[in-house]
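Okay, structure first, notes after.
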Amino acid sequence: MKIQFTSEQAALRDELRQYFRALMTKELRDECERDMGEGGGPLWREALRQMGRDGWIGLGWPESLGGRGLTPLEQFIFVEEVMRAGYPFPFLTTESVGPILAEHGNAWIQREIVPKILAGDLLIAIGYSEPGAGTDLANLKTRAERDGDDWVINGQKMWTSLAHFCDYTWLAVRTDPEAPKKHKGISMFLVPNSDPGWSCTPVHTLGGVRTNATYYDNIRVSDDHRVGELHGGWKLITGQLNRERLSLINFGPSAELFNATVRWARDTELPAGGRVIDQGWVQMNLARCRAAIECMKLIVYKQSWAMTAGNLEMADASAAKVYGSETFIELYRALGEIVGQAGLLRDGAGCDSARRLERLYRTASIITFGGGTNEIQRDIISAAGLWMPRASR
Amino acid sequence: MDFGFSSEQQDIRQLARQILGEQVSAESLKAYDEYAAPRFDRALWRTLSEAGLVAVPVSEAEGGGGFGFMELALLLEEVGRSIAPVPVLSHCVGGLMVLERFAGSDLKQRLLRPALAGELLLGAAVLEAGNEDPVNPLLTRAETSGDGLRLNGSKQAVAFARQSDYLLVAARHVDGVAVCFVDTRAPGVTLQDCQSTAFEPQAHVLLDNVEVAAEYVLEPSDGAAIMHWLGERLCAAHCAHQIGVADAAMRMAASYTSERQQFGVPVATFQAVGHRVADCYIDIECLRLATYQACSLLHDECEAGVETRIAKIWAGDTGHRVNYATQHVHGGMGIDRDYSLWRYSLWLRHNEMTLGGSSVHLAALGRSLAAGEGLFA
Ligand SMILES: Cc1cc2nc3c(=O)[nH]c(=O)nc-3n(C[C@H](O)[C@H](O)[C@H](O)COP(=O)(O)OP(=O)(O)OC[C@H]3O[C@@H](n4cnc5c(N)ncnc54)[C@H](O)[C@@H]3O)c2cc1C
């Protein structure tokens, strides 16, 4: 038990912070801002390739897979720092689908896909949800049918985020409509978004963030594009979602926003005299946020440590997801109260925290239901963590 | 960054769990309800001492078990899990650890050695009426008297005061804060028993011209740093105890609701019930991590002011929420004195409020932030 960075880990964090200070030019920042913090622009893509060339993306990947062989904890330090710097890092590709492909992909995927992910040269959207398949994902209807050596894919996905600038979709499809249990008839494919049968239309959300409805019209792919076992897709989906859950809870940006808000409250005089931070309720709000973010930090560090040690508990991963997603919302409220009216102004009236909070509160709800809704996570905690029976579904 | 336990730490935890599991039960605790008898199981205390657990935080050089505060925290967690009637917290933190760290060899000879040998019980008198800040005694005064000190004033609700042979006392001195050990049987010392919510043996300690010989003075006037050191460790120790209490209460709730049937199904299968317990799980994980962080930093004598406050905030919030959630999902059984949850409820409250509730520590943390401390690295 030693809950402190080793000196190497502290040095890595400092190095990364330095690195991103240089990488995040004004132009890149403006572009990311324009793209609503989602990325996808030309400077954003170039910066990702730069990170790939500099060997950062696969920092914690095994050397046999083209990584640098450090542990998940170092990988996590990297992701925290890149997110903290305000770069919309495509962690779904690199941290959740990528490792699954590296582990389960066939020779073609190992050769053509994985190296490009580590090079920052290939982006993947996640195609699980459908109009009729949300939390009950196994209800999905998009299907792949065998035709000679190929597969022909037809169907529609909903909420396929980032798909409009991704290269592939990590697609869950039904391959066995007769399977006695719905989740036993699902397989995973990597479908090229460049296929003429692939199309998407935008879906706009509260936070201004774009997501997509995607359509799959007689897309023909070779069996190389199938990942893992036939009808064995469910295991890959849950494995990917476990990883996604961990990467959704970043404390880096919250810690940075907290620091910035404290500095602002310390430096800002009230018209009636005294500083913003001299008010008792402001100190209480800040203290609450400080205590909440501290535990977010500890929870995610512990997860990374557990991944390294190979003893990640399902209940703990779910606890991290519930705690983190609900804490974000509370933080944006408590910090929003402090910046006050400025937090309703889209430019933040000169207060950078306020500007960020104005957007953040609008995007905060996504991960309480996305990435496996918190109700299901709580079911997992009581069942897997405490052995409580649960109602059949 | 290492969240694992060494094999020695696992052994300590296992040994404690085994002894406490064997010797503490709902039946044995019944004897102390409503102060029917002082809540101090001397046979159990002897067993723990003989097993080397009481000496865990003291180095081998001083005759202890050769471990530190982290290992003591693990022991305290087990004491909390069983809500065992033993003075581990007050004796080990308020007595042994302070002596090892701050006493000269003479005082170690007088108090630490016999305490380790099981001949003396020690404790710490740190709270005063209306003043729960150990660093800043206001109602106890010390003046120089010969080579030693003369004490006047009072301390409130001192755990195991009547059972202890010596109590650490901090007192305001004209030049600062004096810290010394007071013989509970010395002339001028009056112990006034009081009854506390969890039936812990406690007494108010009244000091009327109590003479303390120089040999028993840790620091005649510059003792704020000692009390700061002690205050943080007492806080963290209560958090460690709280982990065990809360975890046990949660597990009781999980197993009770898994058995109890209504509408023909276990009540645990109602999502509202399962989720309430899941929230306890998340709260306890936060408390555990915040506490382990504080304890491991304190173990290494690192600066841990912010981390310790955060742990105590979680001990308060988690304690409160787990307390009422576990009662609620038990229905009436949760408060039935023939079932064991109710005693856990008392201890959750005890740990929540002792040495300051969440708001006290939030306010202090807020002041540090305003003063420019405590930002994230
Ligand atoms: C901005 C955005 C981006 C997204 N990105 C992607 C993406 O890239 N790829 C992708 O595949 N999907 C994506 N999603 C979809 C997301 O994963 C789904 O929204 C999520 O799975 C919930 O499904 P649903 O919206 O159909 O809600 P529903 O499943 O209809 O749920 C509605 C409510 O019912 C509750 N509920 C459902 N079942 C239960 C139960 N068993 N017990 C208790 N309560 C229950 C839910 O918690 C929720 O509160 C995205 C969604 C959004 C909004």
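Here is a list: A:Gln283, A:Gln240, A:Gln303. Which entry is of a type in the set (S, T, N, Q) and at pLDDT 95 or above? So the residue among A:Gln283, A:Gln240, A:Gln303 that is of a type in the set (S, T, N, Q) and at pLDDT 95 or above is A:Gln283. Filtered by the rule that a residue be open to solvent by 60 Å² or more (accessible area, probe 1.4 Å) and either near the ligand (Cβ under 9 Å from one of its atoms) or more than 14 Å from chain B (Cβ to nearest Cβ) (or both), the stretch A:357-393 gives A:Tyr361, A:Ile366, A:Phe369, A:Glu375, A:Arg393.
Give the stretch A:68-87 a look and list any residue that's buried (at least 19 other Cβ atoms within 10 Å of the Cβ) and in a loop (DSSP other than H, G, I, E, B), or say none.
Taking the stretch A:68-87 first, the residues buried (at least 19 other Cβ atoms within 10 Å of the Cβ) are A:70, A:72-85, A:87.
Passing the criteria: A:Leu70, A:Ala85, A:Tyr87.
Residues in the stretch A:237-278 that are open to solvent by less than 30 Å² (accessible area, probe 1.4 Å) and farther than 25 Å from A:Ala306 by Cα: A:Leu257, A:Phe258, A:Asn259, A:Ala260, A:Thr261, A:Val262, A:Ala265, A:Val276, A:Ile277.
So which residues in the stretch A:301-312 are facing chain B (nearest Cβ under 10 Å) and not small (Gly, Ala, Ser), if there are any at all? Quick ask: steps written out before the conclusion?
Going through the stretch A:301-312, the residues facing chain B (nearest Cβ under 10 Å) turn out to be A:301-306, A:308-309, A:311.
Scanning the stretch A:301-312 gives A:Tyr301, A:Lys302, A:Gln303, A:Trp305, A:Thr308, A:Asn311.
For beta carbons closer than 6 Å, sequence separation of 6+ or different chains, a first residue in the stretch A:368-393 that is at negative phi and a second that is within 7 Å of the ligand (Cβ to nearest atom) and not acidic (Asp, Glu), the qualifying pairs are A:Thr368/A:Asn374; A:Thr373/A:Thr135. With respect to B:Leu355, is the statement that it is at positive phi, more than 13 Å from every other protein chain (Cβ to nearest Cβ) and either in a loop (DSSP other than H, G, I, E, B) or hydrophobic (A, V, I, L, M, F, W, C) (or both) true? When the stated conditions are applied, B:Leu355 passes them.
Filter the stretch A:153-174 for residues that are open to solvent by 20 Å² or more (accessible area, probe 1.4 Å) and more than 23 Å from A:Arg45 (Cα to Cα); which is nearest to the ligand (Cβ to nearest atom)? Checking each candidate, the answer is A:Met158. A residue that is surrounded by fewer than 15 Cβ atoms within 10 Å (Cβ to Cβ), assigned to a helix (DSSP H, G or I) and over 27 Å from the mean Cα position of the chain (by Cα) cannot be found anywhere in the stretch A:183-194.
State whether one or more residues within the stretch B:309-319 are assigned to a loop (DSSP other than H, G, I, E, B) and either in contact with a Cys (Cβ under 7 Å, 6 or more places away or on another chain) or more than 16 Å from the ligand (Cβ to nearest atom) (or both). Break it down stepwise before answering.
Going residue by residue through the stretch B:309-319, those that are assigned to a loop (DSSP other than H, G, I, E, B) are none.
Checking the stretch B:309-319: not a single residue is assigned to a loop (DSSP other than H, G, I, E, B) and either in contact with a Cys (Cβ under 7 Å, 6 or more places away or on another chain) or more than 16 Å from the ligand (Cβ to nearest atom) (or both).
Close contacts from the stretch A:50-65, counting a first residue that is farther than 18 Å from A:Arg17 by Cβ and a second that is open to solvent by less than 10 Å² (accessible area, probe 1.4 Å) and among the aliphatic types (A, V, I, L, M), with Cβ to Cβ under 9 Å and a gap of 6+ residues or different chains, come to A:Gly52/A:Ile117; A:Gly58/A:Ile117; A:Trp61/A:Ala102; A:Pro62/A:Ala102; A:Leu65/A:Ala102; A:Leu65/A:Val114. In the stretch B:4-11 there is at least one residue that is modelled with pLDDT of 95 or more, open to solvent by 50 Å² or more (accessible area, probe 1.4 Å) and of a type in the set (Ser, Thr, Tyr).
Applying the condition of being of a type in the set (S, T, N, Q) and open to solvent by 40 Å² or more (accessible area, probe 1.4 Å) to the stretch A:119-142 and asking which residue is farthest from the ligand (Cβ to nearest atom) yields A:Asn139. Can you spot a residue in the stretch B:364-376 that is in contact (Cβ under 8 Å) with a residue 40 or more places away in the chain, surrounded by fewer than 17 Cβ atoms within 10 Å (Cβ to Cβ) and not in a helix (DSSP H, G or I)? Looking for residues that are in contact (Cβ under 8 Å) with a residue 40 or more places away in the chain, surrounded by fewer than 17 Cβ atoms within 10 Å (Cβ to Cβ) and not in a helix (DSSP H, G or I), one finds at least one in the stretch B:364-376, hence yes. Residues that are more than 16 Å from B:Gln14 (Cα to Cα) and in a loop (DSSP other than H, G, I, E, B) within the stretch B:26-54 comprise B:Ala31, B:Tyr32, B:Ala36, B:Ala37, B:Pro38, B:Arg39, B:Phe40, B:Asp41, listed in sequence order. Looking at the stretch A:365-393, which of its residues are among the basic types (Lys, Arg) and part of a loop (DSSP other than H, G, I, E, B)? The answer is A:Arg390, A:Arg393. Out of curiosity, is B:Leu120 hydrophobic (A, V, I, L, M, F, W, C) and open to solvent by 20 Å² or more (accessible area, probe 1.4 Å)? In short, yes.
Quick one: in the stretch A:206-224, of everything that is of a type outside the set (Gly, Ala, Ser), within 21 Å of A:Ser161 (Cβ to Cβ) and open to solvent by less than 50 Å² (accessible area, probe 1.4 Å), which residue is farthest from the chain's Cα centre (by Cα)? Only one residue fits best here, namely A:Ile219. If the condition is being assigned to a helix (DSSP H, G or I) and open to solvent by less than 30 Å² (accessible area, probe 1.4 Å), then the stretch A:24-53 contributes A:Leu28, A:Glu31, A:Cys32, A:Trp44, A:Ala47, A:Leu48, A:Met51, A:Gly52. Checking the stretch B:324-337 against the condition returns no match, with no residue being under 15 Å from the mean Cα position of the chain (by Cα), over 27 Å from A:Ala265 (Cβ atoms) and polar (S, T, N, Q).
Residue count for the stretch B:317-363, restricted to those that are open to solvent by less than 20 Å² (accessible area, probe 1.4 Å) and among the β-branched types (Val, Ile, Thr): 4.
Scan the stretch A:197-205 and give yes if some residue there is within 11 Å of the ligand (Cβ to nearest atom) and either within 14 Å of another protein chain (Cβ to nearest Cβ) or assigned to a strand (DSSP E or B) (or both), otherwise no. Yes.
Of the candidates A:Arg356, A:Arg333, A:Arg362, the single residue that is in contact (Cβ under 8 Å) with a residue 24 or more places away in the chain, assigned to a helix (DSSP H, G or I), touching a helix residue (DSSP H, G or I) at 6+ places or on another chain (Cβ under 8 Å) and closer than 29 Å to B:Ala278 by Cβ is A:Arg333.
Go through the stretch B:258-292 and give me each residue that's touching a helix residue (DSSP H, G or I) at 6+ places or on another chain (Cβ under 6 Å), among the β-branched types (Val, Ile, Thr) and either away from the ligand (no atom under 16 Å from the Cβ) or open to solvent by 30 Å² or more (accessible area, probe 1.4 Å) (or both).
First, pick out the residues of the stretch B:258-292 that are touching a helix residue (DSSP H, G or I) at 6+ places or on another chain (Cβ under 6 Å): B:258, B:260, B:266-268, B:273-278, B:280-291.
Narrowing further to those that are among the β-branched types (Val, Ile, Thr): B:267, B:273, B:277, B:282, B:284, B:291.
The answer is B:Val267, B:Ile282, B:Ile284, B:Thr291.
The values are calculated or read from the model by the stated rules, or taken from the named source; none is laboratory data. Everything numeric in this text was worked out from a predicted model, so none of it was measured. Every residue, glycine among them, receives a Cβ derived from its backbone with ideal geometry; neighbour counts consider all protein chains shown. The accessibility values were calculated without ligands, DNA or RNA, using every heavy atom of the protein model including side chains. Shrake-Rupley method; radii C 1.70, N 1.55, O 1.52, S 1.80 Å.
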